[in-house]
1. Condition test on residue 205, is it over 22 Å from residue 160 (Cα atoms), out of contact with any helix residue (DSSP H, G or I) (no Cβ under 6 Å at 6 or more places or on another chain) and at pLDDT 90 or above?
2. Among the residues of region 219-238, what is the count of those that are at negative phi and over 15 Å from the mean Cα position of the chain (by Cα)?
3. Just to verify a result, which residue in region 1-57, among those that are in contact (Cβ under 8 Å) with a residue 12 or more places away in the chain and loosely packed, with under 13 Cβ neighbours inside 10 Å, is farthest from the chain's Cα centre (by Cα)?
4. Can you list residue pairs whose Cβ atoms sit under 6 Å apart, with the first residue in region 73-96 being at pLDDT below 95 and the second being part of a loop (DSSP other than H, G, I, E, B)? Count only pairs 6 or more apart in sequence or on different chains.
5. Out of the helices (runs of 4 or more DSSP H) lying entirely within region 212-314, which hold 2 or more residues that are more than 22 Å from residue 57 (Cβ to Cβ), in contact (Cβ under 8 Å) with a residue 60 or more places away in the chain and out of contact with any strand residue (DSSP E or B) (no Cβ under 6 Å at 6 or more places or on another chain)?
């Protein structure tokens, strides 16, 4: 079996397993897995920028919140139907990521990290400042009647699961396609040696900007879907915490691997979920697990599989 056939079998097998689990899981894990798939889509967006391009962002919550509030405000204040509201959320992510990319990519390294963090904090403070519309920290609920798209009630657990599954499948396959294309190969070249990529004649700024916009768009789509599927839009999703989460998920799963974001999100979600039932210091357990994995699996779970067993893993 060729490497391409193995890739198709592995990723297709994962999607097939997730499809079947809809009919097998108990209600609690059914809802959890739907949430994990949406958050993993967010992590996939982050991985495009960090894992494949080498741009470490500390402000990705700005894109997630842009999609969430673009969709939520369109529904809540504008009375827009769910489908065009989702499009509004994605377009908000495109605009915000393009604007941030044009400004932040004038810097590099630590300065880039600080600039992305500053923009994300500005977005968070804007959500709080315009509390008359956003409801600030309290947030607002999207009612069940506002979550019916094309006659499908997205508040229904089965419909919500399939919607989350569709989003994750699109993001996963898009990520796999991008990294196999010349554009994705150039991103990896920039990550490994930016100066050499520039000397070979590639427009480094244009490719990095494309990575930022693609990453921000996927993250915004995840944010819009999260708000619509779970019926809540709040300022906490624009906070620093939601900029750190995708970084942790990608590092745990394996930066620069297609499956890494899903593995890392699933692992961390259930680690926190299970440990929170044992102690109030559940983040301490998560921190210890992160340190242990960093020491013994520095390339992340999928990264270690690629270096030790499946060298063809994208």
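1. Answer is yes for this residue.
2. Step one: filter region 219-238 for residues at negative phi, giving 219-230, 232-238.
Imposing the further condition that a residue be over 15 Å from the mean Cα position of the chain (by Cα) reduces the set to 228-230, 232-236.
Result for region 219-238: 8.
3. First, the residues of region 1-57 that are in contact (Cβ under 8 Å) with a residue 12 or more places away in the chain: 3, 6-7, 10-11, 14-15, 18-19, 21-22, 27, 30-57.
Filter again for loosely packed, with under 13 Cβ neighbours inside 10 Å, leaving 3, 27.
Values: 3: 26, 27: 24 Å.
If we take residues in region 1-57 being in contact (Cβ under 8 Å) with a residue 12 or more places away in the chain and loosely packed, with under 13 Cβ neighbours inside 10 Å, then 3 is farthest from the chain's Cα centre (by Cα).
4. 74/80; 75/142
5. On the way: elements: 241-253, 260-276, 282-296, 300-308.
Of the helices (runs of 4 or more DSSP H) lying wholly inside region 212-314, those with at least 2 residues that are more than 22 Å from residue 57 (Cβ to Cβ), in contact (Cβ under 8 Å) with a residue 60 or more places away in the chain and out of contact with any strand residue (DSSP E or B) (no Cβ under 6 Å at 6 or more places or on another chain) span 260-276.
The rows are residues; the columns are (1) closer than 16 Å to residue 50 by Cα; (2) at pLDDT 85 or above; (3) surrounded by fewer than 14 Cβ atoms within 10 Å (Cβ to Cβ).
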{"site": "245", "(1), (2), (3)": "yes, yes, no"}
{"site": "258", "(1), (2), (3)": "yes, yes, no"}
{"site": "262", "(1), (2), (3)": "yes, yes, no"}
{"site": "266", "(1), (2), (3)": "no, yes, no"}
{"site": "272", "(1), (2), (3)": "no, yes, no"}
{"site": "287", "(1), (2), (3)": "no, no, yes"}
{"site": "309", "(1), (2), (3)": "no, no, yes"}
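The values are calculated or read from the model by the stated rules, or taken from the named source; none is laboratory data. Since this is a predicted model, take the numbers as computed values, not measurements. All Cβ positions, even for glycine, are placed from backbone atoms using ideal geometry, and neighbour counts span all protein chains on display.
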